[in-house]
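Visitor: Got a structure here, written out as structure tokens. Questions coming.
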Amino acid sequence: MNKKSLKPIIWDDEKKELILIDQRKLPNKLEYFICKTYEDVAYAIKEMVVRGAPAIGVSASYGMALAEIKNEDILNAYNTLKNTRPTAVNLFWALDRCLTAYKNGRSILEEAKKIHKEDIETCKNIGIIGEKLIDDGDTILTHCNAGALATSAYGTALSVIRFAFYNGKRIKVIADETRPRLQGAKLTAFELNYEGIPVKVITDNTAGFLMQKGEIDKIIVGADRILADGTVYNKIGTYSLAVLSKYHEIPFYVAAPLSTFDLTSKEEDVIIEERDEKEVAYIDGVKIIPEGVGCYNYAFDKTPPDLITAIITEKGIVKPSKDEILKLFNK
Ligand code: MRU
């Protein structure tokens, strides 16, 4: 890991506390949010102190561990944590692993530590494998934050970008600001700039114009859930970018760990989170739409497989097709 890399999730083994970078405060303040109970962890996930599919999975597993340490009702903790955010499947994957460990008489804390450690390794491998797709001189567009802040380290889409940079490729990153919560402007720009990786922020509606001008070579995004047929759920706006990339014949890559795949759900089973209208209606506490007008605030959208060039995982790069995806799982 780079000396300057951010550690968004820290487990304090002495104090038995989970320490999270408070992502609501970035980029202006690098502050930490301490979780002493599973309820604190549930709050942190719901309020987006911690966000990003792998990061919420890892945090939730420590939430389960906190319930175990305090001799609390494990099923209660499981259900509370499960009901924080509905779309990213890593949350349910991690909670189920912890529950299985508990039911089999194993330590939840040890399982949480394992999930945490695996996530670091997994994200590293995504970067090492995916960076081969990047050419020297590429300008890469990314959306939201699929970086170190969204995982335990390195990120997914940003791991690919990081490893290309670490390997000396002269790349530039364009970060969509990603309304309404501005994860691109606030988080992606912060973490890349923190490591000296060249990044510029654009408003979301600038992406098409840059593609038309021939200024984008590749697009890489993360994912919150990938179905067996390669349908990708990710931050709202991902679908629009994928359509634009098809029109402009720009490769569109999705980088995600196997823990983001959901091989059993169908499209109708997936809940797209709808968040408070206020996130759209207000900017920095100032109301920007007229009184009495409502807003849509879908947090995620759905990108069909025919718009995706390939999916980069820790086990290799695959086409978004059922055959190739099942092979990743040895099925
Ligand atoms: O609402 P958020 O900030 O949790 O959404 C995050 C994303 O959509 C990311 O792209 C996704 O979780 C992948 S993170 C490696």
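Visitor: Please work out if N167 is in contact with a Leu (Cβ under 9 Å, 6 or more places away or on another chain) and assigned by TED's automatic domain parsing to the domain that holds G184.
Guide: Details: in contact with a Leu (Cβ under 9 Å, 6 or more places away or on another chain): no; assigned by TED's automatic domain parsing to the domain that holds G184: yes.
No; evaluated as a whole, the condition is false for this residue.
Visitor: Continuing with the same structure: Could you please give the count of residues in segment 117-164 that are crowded, with 22+ Cβ neighbours inside 10 Å, out of contact with any Pro (no Cβ under 9 Å at 6 or more places or on another chain) and assigned to a helix (DSSP H, G or I)?
Guide: Matching residues across segment 117-164 total 9.
Visitor: Among (1) among the aromatic types (F, W, Y); (2) surrounded by 16 or more Cβ atoms within 10 Å (Cβ to Cβ); (3) more than 12 Å from the ligand (Cβ to nearest atom), which single condition is Y247 missing?
Guide: The one condition Y247 does not meet is (2).
Visitor: What's the total number of residues in segment 216-227 that are in a loop (DSSP other than H, G, I, E, B) and either on the phi > 0 side of the Ramachandran plot or in contact with a Phe, Trp or Tyr (Cβ under 9 Å, 6 or more places away or on another chain) (or both)? Break it down stepwise before answering.
Guide: Taking segment 216-227 and keeping what is in a loop (DSSP other than H, G, I, E, B), we get 216-217, 222-224.
Okay, now just the ones that are also either on the phi > 0 side of the Ramachandran plot or in contact with a Phe, Trp or Tyr (Cβ under 9 Å, 6 or more places away or on another chain) (or both), so 223-224.
Of the residues in segment 216-227, 2 are in a loop (DSSP other than H, G, I, E, B) and either on the phi > 0 side of the Ramachandran plot or in contact with a Phe, Trp or Tyr (Cβ under 9 Å, 6 or more places away or on another chain) (or both).
Visitor: Only one of these is in contact with a helix residue (DSSP H, G or I) (Cβ under 9 Å, 6 or more places away or on another chain) and either in the same structural domain as G155 (by TED's automatic domain parsing) or within 11 Å of the ligand (Cβ to nearest atom) (or both): V50, V41. Name it. Talk me through it step by step, then tell me what you get.
Guide: Details: V41 fails: either in the same structural domain as G155 (by TED's automatic domain parsing) or within 11 Å of the ligand (Cβ to nearest atom) (or both).
After ruling out the rest, the residue left standing is V50.
Visitor: Surrounded by fewer than 20 Cβ atoms within 10 Å (Cβ to Cβ) and touching a residue at least 60 places away in the same chain (Cβ under 8 Å): is that true of P27 in this structure? It would help to see each step written out before you state the result.
Guide: On the way: surrounded by fewer than 20 Cβ atoms within 10 Å (Cβ to Cβ): yes; touching a residue at least 60 places away in the same chain (Cβ under 8 Å): yes.
The answer is yes for P27.
Visitor: Just to be sure, is T139 more than 16 Å from the ligand (Cβ to nearest atom), assigned by TED's automatic domain parsing to the domain that holds M211, more than 17 Å from V50 (Cα to Cα) and of a type outside the set (A, V, I, L, M)? Outline the logic, then answer.
Guide: Values: more than 16 Å from the ligand (Cβ to nearest atom): yes; assigned by TED's automatic domain parsing to the domain that holds M211: yes; more than 17 Å from V50 (Cα to Cα): yes; of a type outside the set (A, V, I, L, M): yes.
The answer is yes for T139.
Visitor: Oh, and also: Which condition number does G230 fail, the rest of (1) within 22 Å of K46 (Cα to Cα); (2) part of a loop (DSSP other than H, G, I, E, B) being met?
Guide: (1)
Visitor: For segment 244-267, state whether one or more residues are on the phi > 0 side of the Ramachandran plot and either touching a residue at least 40 places away in the same chain (Cβ under 8 Å) or of a type in the set (F, W, Y) (or both).
Guide: So the first thing to find is which residues in segment 244-267 are on the phi > 0 side of the Ramachandran plot, and the list is 249.
Checking the rest, the ones that are also either touching a residue at least 40 places away in the same chain (Cβ under 8 Å) or of a type in the set (F, W, Y) (or both) come to none.
No, segment 244-267 has no match at all.
Visitor: In addition: Of everything in segment 151-175, what is of a type in the set (A, V, I, L, M, F, W, C) and farther than 13 Å from S5 by Cα? Give them in sequence order.
Guide: Pass one, segment 151-175, residues of a type in the set (A, V, I, L, M, F, W, C): 153, 157-158, 160-161, 163-165, 171, 173-175.
If the condition is that a residue be of a type in the set (A, V, I, L, M, F, W, C) and farther than 13 Å from S5 by Cα, then A157, V160, I161, A164, F165, I171, V173, I174, A175 are the ones that fit.
The values are calculated or read from the model by the stated rules, or taken from the named source; none is laboratory data. As the structure is a prediction and not an experimental result, all values here were calculated from the model. Cβ sites come from the backbone with ideal geometry, for glycine too, and all protein chains shown count toward neighbours.
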